[in-house]
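J.: Attaching a single structure in structure tokens format; questions to follow.
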Amino acid sequence: MRFVWLFACLCVVTVAPVSVAYSQQTKLKIACIGNSITFGARLDDPSSFSYPAIVSKTLQERGFTNYDVLNFGIGGATMLRYGKPNLWRLLDSIKLYKPAIIIIKAGTNETVSEPLFNWDQIKDFESDYNLFIDSVKKMTPNSTIILCSPLDMVLTTPELSKERFDNLTLRRPRIWELRDRVRKIASSAELHFLDLTPSFSNKPEYMTVKDGVHPNQRGYDFLGRLVAEYLISQNIVTLSRR
């Protein structure tokens, strides 16, 4: 199994013997789509410690060696087409990658009011999310899609400034509202739903100091293992045939 990055995947051409090339072609691909939490913000080495990297590592450890995991995280991105940036810019790359499994985690940046005013456009959340899903399904009709709820914001994170605390106090109820809205979108579209919000509730040990939104390395490890265990427990991934 390899953990691959978007630009490396699209730009690097590898020359290999026929047997190796065939093995690479038969690997199944997992696309992790999301915002800075998917990318691995606040980490010194996202390529090794972001949650998609941990998913890859965990599947490898558990014997699921026939999967490649690609990190499609964009800092600040929203599912709202209004948002700048947004996840819609990834559609061409997803089409090229042709993933068998697609994990979408959105909702954190949608809670922002000023200066981005994303929350002012939240009425479009369901319609934009459903259109995004429809677009992905048309490109990858046989893929398995998992929608994840956003991580909870942790107000007890050490060393939060008053400004940061007040901002998260305002935004946190919106996270829980979007959790329910994502659940309903998944149910209506008959997709998998992975509820991540409660897993980070009141867990300052998993959060970056002074931040309260982005996990620390321990938190990213916890998140990646939660996602990997869900893939395994739901039989979304299958063991390699030797």
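J.: Does the stretch 54-67 contain any residue that is under 22 Å from Lys138 (Cβ atoms), modelled with pLDDT of 95 or more and not polar (S, T, N, Q)?
T.: No: zero hits.
J.: Find the residue count for the stretch 195-224, including only residues that are among the hydroxyl-bearing types (Ser, Thr, Tyr), in a helix (DSSP H, G or I) and in contact with a strand residue (DSSP E or B) (Cβ under 9 Å, 6 or more places away or on another chain).
T.: 1
J.: Then there is this: Specify which of the listed residues (Thr156, Thr144, Thr197, Thr140) is touching a residue at least 40 places away in the same chain (Cβ under 8 Å), touching a helix residue (DSSP H, G or I) at 6+ places or on another chain (Cβ under 6 Å), among the β-branched types (Val, Ile, Thr) and over 19 Å from Phe39 (Cα atoms).
T.: Of Thr156, Thr144, Thr197, Thr140, the one residue that is touching a residue at least 40 places away in the same chain (Cβ under 8 Å), touching a helix residue (DSSP H, G or I) at 6+ places or on another chain (Cβ under 6 Å), among the β-branched types (Val, Ile, Thr) and over 19 Å from Phe39 (Cα atoms) is Thr156.
J.: If you don't mind, there's one more thing I want to ask. Anything in the stretch 153-194 that is under 25 Å from Leu116 (Cβ atoms), part of a helix (DSSP H, G or I) and among the polar types (S, T, N, Q)? List them, or say none.
T.: Passing the criteria: Asn167, Thr169.
J.: On to the next question. Can you pull out the residues in the stretch 53-110 that are in contact (Cβ under 8 Å) with a residue 24 or more places away in the chain and charged (D, E, K, R)?
T.: Selection gives Lys57, Arg62, Asp68, Arg81, Lys84, Lys95, Lys98, Lys105, Glu110.
J.: May I ask you to list the residues in the stretch 27-75 that are more than 16 Å from Val213 (Cβ to Cβ), among the hydroxyl-bearing types (Ser, Thr, Tyr) and surrounded by 19 or more Cβ atoms within 10 Å (Cβ to Cβ)?
T.: Ser56, Thr58, Tyr67
J.: Oh, and also: Under the condition of being part of a helix (DSSP H, G or I) and closer than 22 Å to Phe64 by Cα, which residue from the stretch 24-45 is nearest to the chain's Cα centre (by Cα)?
T.: The qualifying residue nearest to the chain's Cα centre (by Cα) is Thr38.
J.: Being within 27 Å of Leu96 (Cα to Cα), in contact (Cβ under 8 Å) with a residue 12 or more places away in the chain, surrounded by 20 or more Cβ atoms within 10 Å (Cβ to Cβ) and hydrophobic (A, V, I, L, M, F, W, C) is true for just one of Ala228, Ala189. Which residue is that?
T.: After ruling out the rest, the residue left standing is Ala228.
J.: On to the next question. Can you confirm whether the stretch 111-133 contains a residue that is modelled with pLDDT of 95 or more, among the basic types (Lys, Arg) and surrounded by fewer than 14 Cβ atoms within 10 Å (Cβ to Cβ)?
T.: Yes, because at least one residue in the stretch 111-133 is modelled with pLDDT of 95 or more, among the basic types (Lys, Arg) and surrounded by fewer than 14 Cβ atoms within 10 Å (Cβ to Cβ).
The values are calculated or read from the model by the stated rules, or taken from the named source; none is laboratory data. Because the structure is a prediction, the values reported are computed rather than measured. Don't worry about glycine lacking a Cβ; one is built from the backbone with ideal geometry, like all the others, and counts go over all protein chains shown.
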